[in-house]
């Protein structure tokens, strides 16, 4: 054990100065696992194995690769966390036969069952420490336990007053626990993974010892300690020390990420999720060994908000923001049964799991944090999935992002194939004075989209906006406004766009350039002035873009103009021949569209 402890101390010293080296040296350990916690605090009241059995197909459909069971052994507590006779697996959750059938059914779906291993402590069959099945004596209880009859070696971790602390230095204890896990739970019943309860109660070396003896497909420890939100490094250090103490045989629940999500969601302080541009949880140090979660049977509610343990919950109305975070970020995410099956969030969670799987996100995916501030967290994962949580608006820059999942204060996009772009030109006549510029806003009417297209358009999801790429960047005045202008939209300034932009900037054009004006200016060279496309006259402002026609209504979209420093918005118009009624101009994607401010007339021609 001394060598193991020295290894942990050495690892801690290295980590403090070069934590990032973990990802570089252990990239081959990335995992695409998704863990379902298959119970909540009150599950023992519901003939639980029957409930799980009835949901085997939906568990598979959800995308879970592993299912964490409640403790399966006879216990002095209804929930199973005061184990008594280890080999008696008929409990409040169901019978031994129900358990065997359930595990076999999950195995048939390719889903591994994870046993909750409660080995820090144990209760006697009828008294303090009369252990049976397997039978142990006073030598199995640590010397500093509350029971005065204990004769074992002293505890290698924190004490647990509700039961007898077990001496893991004892060879008989070690052998009996390995036989119970390997021969009975794994080889006989069919479990394949381990979840260690109260892992801070004994040295991590022993968790590694038992794991190495049974070769689980999944192994995670519970190390839940106090968190100082203003200095998370000691907390992260405890988590990685557990992992290193097991020799890398087991991961650990990322309670640091849990705590920082709590802070972000309770206090609108989404800056808590980033430290120097890196995730603030332990996923920012050693992601492939971190198992993330929103809430579990201890920290959060069970059947409904406020029911159950509820010791350290996220706000009930912000749970899906938490899932949008963990199911897109590195680490191995956990879905809590209560959220999916009792709170009606199954479909919303499944949509996020589907994105994780379809886009190939793993425990070691890269994170590019775009915003972490009051009201907003946003990041791009592996360069192909974007996520935002929080009440503030944000959307990823670029024209080929597709919104795949959204809900109250969260949205997730994936980068799709570059849409077939069609050159689209808009000319709008409007006389201006020096210092005035024309901007164009547009897209699809929100009411029409809701009634006819099944879209719920907001400033955060851009479903009623049209992706564009500006063709004309030669005008020194408007080029800065066009930077990061990725949509023709109704909302004004986009993320990272100049705050002076009142929409998509247009350029002044003419069909002739009188000699009295001096040297001729052209769109081709100067970004404004004469262009062959303008055969209509002077003072026609032009928006020339590549447009995604698939985002329009059968090729149609709306627009309205704004002139800065004076005239402002143009009046409503009543254009004929449009796909639906509106007070805006209607244009067609892939064509030249000619309008005049405040006029209902329109000319639409091919190139």
Log entry, pairs with first residue in the stretch 259-275 being within 17 Å of residue 236 (Cβ to Cβ) and not assigned by TED's automatic domain parsing to the domain that holds residue 316, second being at pLDDT below 95 and surrounded by fewer than 24 Cβ atoms within 10 Å (Cβ to Cβ), beta carbons closer than 7 Å, six or more apart or on different chains, reads none
Is it fair to say residue 114 is under 25 Å from residue 38 (Cβ atoms), in contact with a strand residue (DSSP E or B) (Cβ under 8 Å, 6 or more places away or on another chain) and at pLDDT 95 or above? yes
Give me the residue from the stretch 270-287 that is outside any helix (DSSP H, G or I) and touching a helix residue (DSSP H, G or I) at 6+ places or on another chain (Cβ under 6 Å) and, out of that set, nearest to residue 334 (Cα to Cα). 281
Within the group 527, 492, which residue is at positive phi and touching a helix residue (DSSP H, G or I) at 6+ places or on another chain (Cβ under 9 Å)? 527
Any chance residue 348 is buried (at least 17 other Cβ atoms within 10 Å of the Cβ), assigned to a strand (DSSP E or B) and modelled with pLDDT of 95 or more: no
If you check 436, 431, 373, which single one turns out to be at pLDDT below 95 and over 14 Å from the mean Cα position of the chain (by Cα)? 431
Would you confirm whether any residue within the stretch 517-529 is assigned to a helix (DSSP H, G or I), buried (at least 19 other Cβ atoms within 10 Å of the Cβ) and at pLDDT below 95? no
Test: residue 188 is assigned by TED's automatic domain parsing to the domain that holds residue 271, over 17 Å from residue 296 (Cβ atoms) and without any contact (Cβ under 8 Å) to a residue 60 or more places away in the chain: yes
Return yes or no: is residue 387 in contact (Cβ under 8 Å) with a residue 60 or more places away in the chain, out of contact with any strand residue (DSSP E or B) (no Cβ under 6 Å at 6 or more places or on another chain), within 16 Å of residue 326 (Cβ to Cβ) and buried (at least 20 other Cβ atoms within 10 Å of the Cβ)? no
So if I check each of 590, 555, 537, 529, which one is more than 28 Å from residue 479 (Cβ to Cβ), in contact with a strand residue (DSSP E or B) (Cβ under 8 Å, 6 or more places away or on another chain) and touching a residue at least 12 places away in the same chain (Cβ under 8 Å)? 555
Test for residue 286: is it surrounded by fewer than 24 Cβ atoms within 10 Å (Cβ to Cβ) and either under 27 Å from residue 67 (Cα atoms) or at pLDDT 95 or above (or both): no
Check whether at least one residue in the stretch 420-438 is surrounded by fewer than 18 Cβ atoms within 10 Å (Cβ to Cβ) and under 30 Å from residue 31 (Cα atoms), and report yes or no. no
Kindly establish whether residue 543 is more than 13 Å from residue 437 (Cα to Cα) and buried (at least 17 other Cβ atoms within 10 Å of the Cβ). no
Per the list (1) part of a helix (DSSP H, G or I); (2) surrounded by fewer than 24 Cβ atoms within 10 Å (Cβ to Cβ); (3) in contact with a strand residue (DSSP E or B) (Cβ under 9 Å, 6 or more places away or on another chain), residue check on residue 249 breaks on (1)
Test of understanding: among 155, 145, which residue is modelled with pLDDT of 95 or more, closer than 22 Å to residue 247 by Cα and not assigned by TED's automatic domain parsing to the domain that holds residue 82? 155
Looking at (1) within 28 Å of residue 197 (Cβ to Cβ); (2) in a loop (DSSP other than H, G, I, E, B); (3) out of contact with any helix residue (DSSP H, G or I) (no Cβ under 8 Å at 6 or more places or on another chain), can you tell me which one residue 356 breaks? (2)
When the residues of the stretch 499-513 are narrowed to those that are modelled with pLDDT under 95 and surrounded by fewer than 16 Cβ atoms within 10 Å (Cβ to Cβ), which ends up nearest to the chain's Cα centre (by Cα)? 499
Condition first: free of Cβ contacts under 8 Å to residues at least 40 places away in the same chain and surrounded by 15 or more Cβ atoms within 10 Å (Cβ to Cβ). Now tell me which residues in the stretch 94-127 satisfy that. 96
Could you tell me which of the residues 177, 227, 194, 185 is farther than 21 Å from residue 71 by Cβ and buried (at least 20 other Cβ atoms within 10 Å of the Cβ)? 227
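The values are calculated or read from the model by the stated rules, or taken from the named source; none is laboratory data. Predicted, not measured: the structure shown is a model, and the values here were computed from it. Using ideal geometry, Cβ is built from the backbone for each residue, glycine included, and neighbour counts are taken over all protein chains shown.
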